[in-house]
Amino acid sequence: MTAAISPTPSAKVHARPMLEINKLGKSFGTTEVLTSIDLSVRPGELVFVIGPSGSGKSTMLRCCNRLEEPSSGTILLDGEHVTACQGRALDKMRLKIGMVFQGFHLYPHKSVLANVMLAQVKALKRSKADAKTRAIEMLEHVGLAHKAESMPSELSGGQQQRVAIARALALDPKVMLFDEPTSALDPELVGSVLKVMKQLREEGMTMLVVSHEMEFAREAADRVVFMDGGVVVESGPPEEIFGNPQSPRLQSFLSRVN
Ligand code: ADP
Ligand code: MG
């Protein structure tokens with residue numbers, strides 16, 4: 001263990017949700033892609049979202065930090081309204097919501113260290129010295145301190161994704177959102193990223209994860225949410241969702257992916 005990742009590795013049950021999505025709706029033009037999504041993630045919980053392509057998983061995650069503007073509903077982070085924020089308040093709010101995408105989006109012409117320092121200096125206004133200290137701590141956390149001076153192109157996809165995770169963590173987010181973090185990786189590199197995610201969970205980070213890694217969900221998820229056609233069809237503990245799916249849509253989805 002190096003530096004603390006989460007300020008609240010507290011009891012998961014009965015706590016106020018860290019992230020609360022209430023009746024979230026989203027339309028693109030006349031096409032409704034999310035219909036009244038309710039989903040909450042308590043402090044330290046890992047909630048896993050599964051569902052067919054096009055079911056609205058990415059749109060839901062993107063609404064959480066307003067990369068997409070919700071059409072209706074509210075989103076609260078640790079009791080604060082994300083959906084009511086504008087301007088600088090929104091910028092500040094976004095920093096508390098770490099996001100990791102399928103593509104790693106590292107700056108190709110900056111070193112690993114500089115990638116992890118950049119937003120800390122620009123957005124959090126940390127001194128370079130503090131940002132560097134924090135960056136190295138977070139790179140140690142994902143097992144890549146020895147790559148600090150490398151360029152992203154010198155790393156494997158799995159390593160690049162772990163840098164992207166370190167970069168998000170360095171901003172001290174209250175919640176981490178992952179959108180198919182391992183989908184772009186060669187199979188042999190997937191494990192290293194999942195291992196980091198599992199470690200974060202053990203340290204009490206609150207996480208909402210969209211992924212097709214069902215084995216990982218079985219092992220690491222506190223709850224699994226199945227989305228289809230822009231609605232939450234079913235949710236529950238992994239053993240129920242995978243072992244005893246209720247809805248025909250979930251049964252059919254699982255039979256296709258397994
Ligand atoms: P998933 O992540 O579950 O595959 P998405 O959230 O990416 O699903 O997409 C849900 C639906 O919304 C899809 O039908 C997709 O085509 C549509 N969609 C997503 N983004 C946009 C956009 N910017 N403009 C129009 N339609 C979009
Ligand atoms: Mg998606």
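Numbers below:
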| quantity | calculated |
| --- | --- |
| Residue pairs meeting the criteria (Cβ under 7 Å; at least 6 apart or on separate chains; first in contact (Cβ under 8 Å) with a residue 24 or more places away in the chain, in region 64-79; second assigned to a strand (DSSP E or B) and of a type in the set (Ser, Thr, Tyr)) | Ser71/Ser27 |
| Single residue of region 21-72 satisfying the filter (among the acidic types (Asp, Glu) and away from ligand 2 (no atom under 16 Å from the Cβ)) that is surrounded by the fewest Cβ atoms within 10 Å (Cβ to Cβ) | Glu69 |
| Output for region 22-49, where each listed residue is out of contact with any helix residue (DSSP H, G or I) (no Cβ under 7 Å at 6 or more places or on another chain), part of a strand (DSSP E or B) and not polar (S, T, N, Q) | Lys23, Gly25, Phe28, Glu32, Asp38, Leu39, Val41, Val47 |
| So Gln251, is it away from ligand 2 (no atom under 16 Å from the Cβ), part of a helix (DSSP H, G or I) and either buried (at least 21 other Cβ atoms within 10 Å of the Cβ) or touching a residue at least 24 places away in the same chain (Cβ under 8 Å) (or both) | no |
| Filter pass, Leu171 being under 30 Å from Lys132 (Cβ atoms), part of a loop (DSSP other than H, G, I, E, B) and touching a Leu at 6+ places or on another chain (Cβ under 6 Å) | yes |
| Condition met for Met205 (part of a loop (DSSP other than H, G, I, E, B), away from ligand 2 (no atom under 16 Å from the Cβ) and buried (at least 22 other Cβ atoms within 10 Å of the Cβ)) | yes |
| Pick from region 168-199, criterion within 23 Å of Lys57 (Cα to Cα) and of a type in the set (D, E, K, R), ranking: surrounded by the fewest Cβ atoms within 10 Å (Cβ to Cβ) | Asp186 |
| Residue selected from region 208-238 under the condition among the acidic types (Asp, Glu) and closer than 19 Å to Arg256 by Cα, by the criterion surrounded by the most Cβ atoms within 10 Å (Cβ to Cβ) | Glu213 |
| Region 79-94 - residue that is surrounded by fewer than 17 Cβ atoms within 10 Å (Cβ to Cβ) and within 17 Å of Ala168 (Cβ to Cβ) and, of those, farthest from ligand 1 (Cβ to nearest atom) | Lys92 |
| Filter pass, Gln161 being touching a Ser or Thr at 6+ places or on another chain (Cβ under 8 Å), at pLDDT 95 or above and closer than 28 Å to Glu20 by Cα | yes |
| Test: residue in region 99-116 that is closer than 25 Å to Val231 by Cα and assigned to a loop (DSSP other than H, G, I, E, B) | yes |
| Residue match in region 79-93 (condition: under 15 Å from the mean Cα position of the chain (by Cα), closer than 26 Å to Gly236 by Cα and not in a loop (DSSP other than H, G, I, E, B)) | no |
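The values are calculated or read from the model by the stated rules, or taken from the named source; none is laboratory data. Everything numeric in this text was worked out from a predicted model, so none of it was measured. With ideal geometry, Cβ positions are generated from the backbone for all residues, glycine too; neighbour counts draw on all protein chains shown.
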